[in-house]
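Quick notes on the structure that follows.
All of the numbers you see were taken from the coordinates with simple rules; none came from a lab. Keep in mind the model is a prediction, meaning the values are calculated, not measured. Please note: Cβ atoms are built from the backbone with ideal geometry, for glycine as well, and neighbour counts cover all protein chains shown.
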Number of protein chains: 2
Amino acid sequence: MEHLITFTTPDQNSISVKSQTGMLLSDAAHLAGIDIGQPCGGQGRCGRCAVQVTDGTVRRRSALRLSPADIEQGFALACQTVVEDDVSIYVPPQEKIERRLTTDRVVAEVTVPADYDYLSDQTVRRIHLELTPPSMDDQTDDWSRLQTALRLQHRLENVTCSLPLLQKIGAALREGEWQVTAIVDLANVLQSGESDRPVWLIDLQPGHVDEYSSLWGTAIDIGTTTVSLWMVNLVTGEVKAQAAEYNGQIARGEDVISRIVYAGKGNGREDLRQRVLDTMNVLLEIACKRVKAKPEDIVKATIAGNSTMMHLLLGIPAENIRLSPFITGVNHLPVMTAREVGLSANPEASVDCLPGVASYVGADITAGVLSAGVDSAEETTLFLDVGTNGEIVLGDRDWLVTCACSAGPAFEGAGVVNGMRATTGAIEEVWINSETFEPTYRVIGGGKPKGICGSGLISLLSEAFITGILDKRGNVNLMATSSRVREGAHGGEYVVAWGAESESGEDIVLSRVDVDNLLRAKAAIYAGFTVLAETVGISLEAVSKVLVGGSFGKYINVEKAVQIGLLPDMDWSRFEFLGNTSVKGAYLALLDWQKRERITEIAKRMTYIELSADNTFYEAFTSALFLPHTDLSKFPSVESALQKN
Amino acid sequence: MEHLITFTTPDQNSISVKSQTGMLLSDAAHLAGIDIGQPCGGQGRCGRCAVQVTDGTVRRRSALRLSPADIEQGFALACQTVVEDDVSIYVPPQEKIERRLTTDRVVAEVTVPADYDYLSDQTVRRIHLELTPPSMDDQTDDWSRLQTALRLQHRLENVTCSLPLLQKIGAALREGEWQVTAIVDLANVLQSGESDRPVWLIDLQPGHVDEYSSLWGTAIDIGTTTVSLWMVNLVTGEVKAQAAEYNGQIARGEDVISRIVYAGKGNGREDLRQRVLDTMNVLLEIACKRVKAKPEDIVKATIAGNSTMMHLLLGIPAENIRLSPFITGVNHLPVMTAREVGLSANPEASVDCLPGVASYVGADITAGVLSAGVDSAEETTLFLDVGTNGEIVLGDRDWLVTCACSAGPAFEGAGVVNGMRATTGAIEEVWINSETFEPTYRVIGGGKPKGICGSGLISLLSEAFITGILDKRGNVNLMATSSRVREGAHGGEYVVAWGAESESGEDIVLSRVDVDNLLRAKAAIYAGFTVLAETVGISLEAVSKVLVGGSFGKYINVEKAVQIGLLPDMDWSRFEFLGNTSVKGAYLALLDWQKRERITEIAKRMTYIELSADNTFYEAFTSALFLPHTDLSKFPSVESALQKN
């Protein structure tokens, strides 16, 4: 049966669509062109897709996140509610994803590798060709004529190109009066060392373009939360623009699991693919504008990202990443073209998706290992990439082991009542007076606080613990003599900012539930690297460097991260915070085919250890669910700080 | 300025479109979705796109084919008339292109080459794979798992596939419970003899499909007039269906030159590409139905056709084929996929467009030389492909020379008042009583005659000459005592069929103008092969075989073709009529990669001789503009036949 569904948005627009009995409200909204955010991927877990039924009846398959009062008022989860009747729906204001550009704090200074040599390291080259014009005595076809010039003038034996480029060659030759500039990708020849391997013709331009004028490439890291892009002049190796933006897939799930679930439903896979492409293409446009280039000028792209992001970008089903025994569709991807992938660049540009190792150790980690130099380290090095998932690598130039632990998105501000991403309005650091329990905090952008981001949560958790507001189990000490410590809706809570000082007018708090989520996140990571080290028989003392990657990692206060038991208690000089090691690895691979080869070797060399198969991990995790740990002797510096207080 | 153009069709439908001042009526009609045939490609030469202006005024750039009376009645050539005013246009009934299916006389018996061995000759193979299912102890990704099985079970070292297929692999492996059937194309490995060359994965199907069940491939010849398709079981080599159809491009030009002109205008190139694809896809559908296969079951296609047809199929600009020094865009095409080309087959099917030699010696000739066996002949062989263009090859297993001469479409029924294609209603053979001048004729399909096709024209020309109705210059002998010989609108003419016996009720005649067109066509071909032979210092007597290709050639009566001086006067046993040698060559190349390689060698070996650069050709052409020739001593059998009469 067909029903009429009328949606009303906050700006009082009404849109009606027809739908069959049993259609989900979220799908009907999609039909109406209305975007309803589904941060949990449509699993009915997050409650953020709630809409209000103002007329008619619906059937709620689940209302897990709704109170009886909510249901009384007609609220229903769009992802869990089906149409059975003509119905009117009010769609509340949707959370906006703010644009975060290069002016934000993600910008990093990049030094071009000192040994970069365009003519020996770069696979993409711009070359000049001078052809003999055809005549009645030489009726060779355009393509053979071009191939001959490539062979005789540049020793390129086996040049191939796509049909759309083949369609343009005759015009380029004639417009340039038989002088042309070709852009070729020599990757196959350089990697095999054999001159007869196919050389890919990316473009053919009439006339002679200055051989050393800018030739654009891009290095991209697709993070679950943020997509980062560097625009690189391949001739000089310089990074000429950086841009970053929230991954447009966030509206369909905040973590990889939610997105995999969403991808498995209806048109979800294509929707997610289009969303991340849209984000990437917006970034490409921004970067192009900044360097005054056109998208067609981008002739090479190197992409890093976790395995789920890579699958979703390429439309490869990702559901087996989530289901035991956790299998990816493909770890080592063939080089593709921008046309195939859908990237707004020269359609013939090579798109090189870097290789991953396993479902939860992706190309972001292999690229990170290269850029952090773990694979060439002389001493044992621990590499942590802390994000929604924690990926851990331990090793040196002779061996590499890796594991992943599902830390959850707590450090990214999700699953925490007043959590938010590290953007304007986020409390990024907190200090608590140990006598008055009054906090001081710093807000990104300097205005009124809206919530607390990852580094703020670590800082807050540590301060609350050291000052005794929290005990080692994470319980709020309700005996503390401060109005900031109180019984809240979800157990004990601590008020970081009163409503009077916050952006929304509501108190910003750290609740017992938040603490539990944060404890689970930090315990997963701590258990991850300790079990990994144990597995290979290395004690943490033997680790000479701890390298922390991820743009999040860059803002962690080491002392506080150690105090909550996220990082091991060792001399601070052994820690190094590297920022986005993934995009940096992609950048190195973009520049230098030998470094690109090394990433493949890294991927092959790394031994992946599946923690979920191991009971030891569960025990280590349980022991780490304390502040800083059940075994305080592992954290001597924290022990002495506690004694001081 | 914008005007309203209202088109009315014969079925009284009216469609209005807005158009700017200066837009061609043909373009405005296209906007309105009305198809106006342009057999000359929009050059204003054929007059077939005439429409009637019933209201408003237009500007006629040319009205070459219209009489003052036509113009008085408002007729205008759609391809030469521009909009200047609001205007109403009546579009007369358009010539229908009749569908000619395999039931027509193009069907040929094909014997599978006796030495065909699927396992050593065919590049496409169906292979079975048995994979170890993944587990927590073996988390290898799906694609690597498949690659390992291909390497270990079939020694295929380097298998690659497209992104869309990569997206389907995980599902196929699981649906087949880790038993799958792969279809691979080994062309690169077989041709190079090196096992590490890329093997193309065409398909992956769940479970084990019988290894020797039908595996479909198709051989296609794209003729300027007719597209012919053979559906082949690659395992047995058998041709299981044949289908042929007029090339849908005919409505946009009857000869290659008209089409090149049309392709150069507006959206012409894309329009022509789509038209021939539509024809090919209709044929594929028909052939699939006949063998009970689905389009996705077709895993390989081999295509022959003249150079212009190949360019237009692939959307490669063809204008330089027409302009001196007559340069093709590409002769040796890379192997593409059905997806890239737009063919309704398995999207990953290899599409192999055979190589051509020059602008007017295309892949139809290289394929024809292979299938006619010219390249392996022990004695000097002359190979003629008589169609709109005449292509000529002379040689043996040691040498090959080739040339082309523009014969024009007279033998295909165009440029002849009552000419038509060889389909139902065409007079295909004529006998004239030498005393009464009364004709007897045979009509294809047996009904009332509609016109005369190529073989009928040759037969008629010969009979009219031998019986004295025509003199050796082609003049009609008006002194002949028959009412059938008379002065017509275009000079003397001979009535083959009176209006009372014809389909249209009008007399079917051979006019002086028709004779001139036929003389030019036959003279071009005769001059072509004589000059070619002279150039290499061979006399026609030394030619031991004359092989005639082209489906048209199959129906020529040798005696009559010699009598008009189209074929050389030699012992009839030396002639062989082979039918469509082009599609047969494509079929052989489809089956056997070594034969495919031989076509490349043929293309490289052939020396192309440009006749238009040569004064000798013009002299030979002029001498051949007689019946049978200025030098009757070259035609002793005709001399004696004339003496008998």
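Computed values, structure above
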| item | result |
| --- | --- |
| Gap separating the Cα centres of the stretch A:24-53 and the stretch B:328-357, nearest whole Å | 45 Å |
| Average partner coverage of B:162-168, which counts Cβ from other chains inside 10 Å | 5 |
| Cα-based reach from B:Lys448 at 20 Å (exclusive), listing lysines while leaving out same-chain residues under 8 positions away | B:Lys96 |
| Histogram of C-alpha separations across the stretch B:423-507, 10 Å bin width, % | 19, 51, 28, 2 |
| Loop chymotrypsin sites (Phe, Trp or Tyr not before Pro), the stretch A:156-213 (other Cβ atoms within 10 Å of the site Cβ: 11 or fewer; DSSP) | A:Tyr212 |
| Rel. contact order, % - alpha carbon contacts under 8 angstrom, at least six apart, the stretch A:118-206 | 37 percent |
| Other-copy label distances relative to B:Val558, 7 angstrom Cα-Cβ extension, nm | 9.8 |
| Cα-centre dipole for chain A with unit charges at Cβ (Lys and Arg positive, Asp and Glu negative), debye to 20 | 720 debye |
| Value of Rg to Rh for the stretch B:96-353 (Rh from inverse mean 1/r over Cα pairs, i.e. Kirkwood) | 1.03 |
| When the stretch A:519-645 is reduced to its Cα atoms, the Kirkwood hydrodynamic radius in Å | 16.3 Å |
| Overall dimensions of chain B by Cα: Rg and Dmax, Å | 27.4, 101 |
| Relative contact order (percent, whole number), chain B, Cα cutoff 8 Å, 6+ residue spacing | 11 percent |
| Nearest-20 debye value, the stretch A:459-601 charge dipole, Cβ charges on Lys, Arg, Asp, Glu | 360 debye |
| Teacher prompt: B:Pro206 distances to equivalent labels in other copies, 7 Å Cα→Cβ, nm | 5.4 |
| 30 Å Cα-Cα reach of A:Lys472 towards lysines, excluding residues that sit fewer than 8 places from it in its own chain | A:Lys450, A:Lys522, A:Lys545, A:Lys554, A:Lys560, A:Lys634, A:Lys644 |
| Computed FRET value (nearest 0.05) for B:Met1 with B:Asp398, which takes r as the C-beta separation and R₀ as 60 Å | 0.30 |
| Degrees between helix B:593-605 axis and first principal axis of chain B (Cα, 0 to 90, nearest 10) | 50 degrees |
| Degrees between helix B:268-291 axis and first principal axis of chain B (Cα, 0 to 90, nearest 10) | 70 degrees |
| Reference-scaled alpha-carbon Rg (2.2 N^0.38 Å with N residues) for the protein assembly as shown | 1.16 |
| Per-residue average of Cβ from other chains inside 10 Å of A:309-317 | 3 |
| Principal axis dimensions, the stretch B:15-80 - Cα atoms, whole angstrom, descending | 29, 26, 18 |
| Alpha carbon convex hull of the stretch A:331-480, volume per residue in cubic angstrom | 183 Å³ |
| Helix A:512-535 vs. chain A, principal-axis angle (Cα, 0 to 90°, nearest 10) | 60 degrees |
| Charge tally in the Cβ shell below 11 Å around A:Leu590, where Lys, Arg are +1 and Asp, Glu are -1, A:Leu590 excluded | +1 |
| Which of A:Val393, B:Val417 has the fewest Cβ neighbours within 10 Å, and the rest in rising order | B:Val417, A:Val393 |
| Loop-located trypsin sites (Lys or Arg not before Pro) in the stretch A:137-203, at most 15 other Cβ atoms within 10 Å (DSSP) | A:Arg155 |
| Along each principal axis, Cα extent of the stretch A:118-206, largest first, Å | 41, 23, 21 |
| For B:Thr54, inter-copy label distances in nm, listed shortest first [label point 7 Å out on the Cα-Cβ vector] | 5.3 |
| Euclidean distance between Cα centres, the stretch A:567-596 to the stretch B:392-466, Å | 79 Å |
| For the stretch B:455-466, Karplus couplings with θ = phi - 60° (6.51, -1.76, 1.60), whole Hz, Gly/Pro x | 5, x, 5, 5, 4, 5, 4, 5, 4, 5, 6, 5 |
| Reach of B:Lys294 by Cα under 16 Å, taken over lysines that are not fewer than 8 positions away in the same chain | B:Lys240 |
